[in-house]
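So the structure is just underneath, and the comments pick up after that.
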Amino acid sequence: MVTEGDPTDLVKVLHLLVLAFSWGMQVWVSFIAGFALVRVVTLHTFGLVQSKLFPVYFCSLFCGNTLNMVVYAAYHPRELLDWHESVQMILFFVAPIMSGLNSQWFAPATTEAMLQLREIEEEHGLGQQVGLGRQKEAYAKLKEQDPKYRAFKSTFGRYHGISNLCNLIGFLCTTTNLVYTALHLNTI
């Protein structure tokens, strides 16, 4: 597709590097780091690490996604887009929305609920085990007996699920854009 004004080679390289950086960061944080970390540290340490990592992750992701969208939009005027490029533009638009929602609302709400859960768990001697599957009965008993804990657990589950969904949607958008860009390098 011919566009108004072609980007310089530097713009093309930077666009591709930022897109690849965003995708790689999403793969690492979403699918690798958490699974590796949860096996070697206590659950409370894991939660604390995530509470410090996620604000930086989502902010970096938002900046990278926004930059990708701006660069793509600048060199692909709406009037000249074919339907494939229109879909790609929509995906470039959705990705920063998802990371922005996570950065501003869902991740902080998840962290707040996690810290409240942690407080109650520490009072009952929980959270110092390594790995996810340990002391299931103790957690179930606490959830059954303590309505405050049950409410925080529900809040945490809701926000954590929404945050994961937003992250997954953003990942799919970035993945699709990276694949499309790789298949059409001449249209960057």
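Laboratory data are not the source of any read-out in this text; all were calculated from the coordinates shown. These numbers come from a predicted model, not from an experiment. With ideal geometry, Cβ positions are generated from the backbone for all residues, glycine too; neighbour counts draw on all protein chains shown.
Structure data summary
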| item | result |
| --- | --- |
| Mean Cα-pair separation over length for the chain, i.e. relative contact order, pairs under 8 Å, 6 or more apart, % | 34 percent |
| Restricting segment 1-85 to GluC sites (Glu not before Pro) in coil, as DSSP defines it, with at most 10 other Cβ within 10 Å | 4 |
| Cα-based equivalent ellipsoid of segment 9-187: semi-axis lengths in Å, sorted from largest, via gyration tensor | 39, 15, 12 |
| Estimated 222 nm signal from helices in the chain, with DSSP H stretches of n ≥ 4 weighted -39500 (n - 2.57), rounded to 500 | -25500 deg cm²/dmol |
| Geometric extent, Cα atoms of segment 85-187 - Rg, Dmax (angstrom) | 19.2, 62 |
| Total lysine pairs under 24 Å (Cα atoms) in segment 9-187, excluding pairs fewer than 8 apart on one chain | 5 |
